[in-house]
Amino acid sequence: MKRFIGFVKKEFYHIFRDKRSLFILFGMPIAQILLFGFAITNEINNVDIAILDQSNDIETQKIIYKIKASPYFNVENQIEKESDIESEFKKGKIKAVLIFEPNFSKNLETKKVAVVQAITDATEPNVANTIANYTSAIIQNYQSQKKQSNSNPVKVEVQSRMFYNPELKSVFNFVPGVMTVILMLVSAMMTSISITREKELGTMEILLVSPLKPFQVIIGKVFPYIFLSIINAIVILTLGYFVFKMPINGSIFLLAFESILFIISALSLGILISTVSNSQQTAMMLSLMGLMLPVIILSGFIFPINSMPLPMQVISNIIPAKWFIIIVKAIMLKGVGIQYIWKETLILIGMTVFFITLSIKKYKIRLE
């Protein structure tokens, strides 16, 4: 029995001396519960919207004040004319526009009915539907207060319109998201495992002393995954277009360029992971926990980023998948050109250069 107790003590000593085991046992559960607890929500907060007030009277100002006072919306700006709505949506800043009809107060007094249009960007169907519901609830609250102070009942009709996805098809959201996850999986995880396999088997040193330059060895290892990722992207887009009827309203060449840029960014992440991994198991774990979960949770693929706490919103900015999903939706659904997505493109390029530079520094590769 003493031998058994001694053996158990030895195992405890091994676990507590191994920092990686302690991180897996205690660090990862804490990180996951915080990540899932704060990020997994379908509620909306601080969503940027715009107002088109064609009446500009006391009643419309009361409704606008109630909207500004709610934690759900942030009134970004005032739009002067209806023709500006689509250009504002294409910029990607606002998610909805509320339009108050002309003579709003007068219609309430004479006709007892006034109309408010809620136009939402439906590239994210769940968010668009939630915005419409929250808007209706706020106006319904205003209407109830109006009835209490006025014996004559009045009615404010909320007419909802969905831009870019009028049928609220969820597949319009999932095709870009699934495409992002698959490209990240094939590019980053498989690249990190492939390079780490050479290190684990001891063949990386043989390759590095071969006539090939060190950077040629790395490029040669990742080049097949560039080709395979491009094929995956083509297959996903083809299925989305022909099977799920997802439109491609923008330039196919711009979409192809952005996809290749994201693939290279993911590959550079895979190379970076391989620099700190000594085994395939470690590379796979880092890829899954360090890339897959953030891609799914912090990219805006499933859960709205605006509803997350500020620290998580800041962290989401370093996730390449977030910017790629914004770009893909903008090109495919909104039909925008590079003038609307140049900032996101520059961010992806900057991230790619940073990851490649850091990887080169880790491997101590000297480029001629």
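The values are calculated or read from the model by the stated rules, or taken from the named source; none is laboratory data. None of the values given here were measured: they were computed from a predicted structure. Glycine also receives a Cβ, built like all others from the backbone with ideal geometry; neighbour counts cover every protein chain displayed. Quick note on the areas: whole protein, heavy atoms, side chains included, nothing else; ligands and nucleic acids left out. Shrake-Rupley method; radii C 1.70, N 1.55, O 1.52, S 1.80 Å.
Per-structure values
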quantity	calculated
Helices (runs of 4 or more DSSP H) completely within the range 59-156 that count 2 or more residues being closer than 30 Å to residue 171 by Cα	85-91, 125-149
Within the range 295-311, considering residues that are within 12 Å of the chain's Cα centre (by Cα) and open to solvent by 20 Å² or more (accessible area, probe 1.4 Å), the one modelled with the highest pLDDT	305
Condition met for residue 147 (without any contact (Cβ under 8 Å) to a residue 24 or more places away in the chain and either surrounded by fewer than 20 Cβ atoms within 10 Å (Cβ to Cβ) or under 25 Å from residue 85 (Cα atoms) (or both))	yes
Residue match in the range 99-111 (condition: closer than 30 Å to residue 328 by Cα and either touching a Leu at 6+ places or on another chain (Cβ under 7 Å) or open to solvent by 10 Å² or more (accessible area, probe 1.4 Å) (or both))	yes
Residue match in the range 262-278 (condition: outside any helix (DSSP H, G or I), assigned by the TED database to the domain that holds residue 354, over 28 Å from residue 42 (Cβ atoms) and open to solvent by 20 Å² or more (accessible area, probe 1.4 Å))	yes
When residues of the range 35-58 are limited to those that are within 21 Å of residue 156 (Cβ to Cβ) and either part of a helix (DSSP H, G or I) or among the hydrophobic types (A, V, I, L, M, F, W, C) (or both), the one most open to solvent (accessible area, probe 1.4 Å)	58
Hits in the range 279-299 - residues which are in contact with a Ser or Thr (Cβ under 7 Å, 6 or more places away or on another chain) and in a helix (DSSP H, G or I)	280, 283, 286, 287, 295
Conditions (1) surrounded by fewer than 23 Cβ atoms within 10 Å (Cβ to Cβ); (2) in the same structural domain as residue 224 (by the TED database); (3) at pLDDT below 80; (4) touching a helix residue (DSSP H, G or I) at 6+ places or on another chain (Cβ under 7 Å): number failed by residue 284	(3)
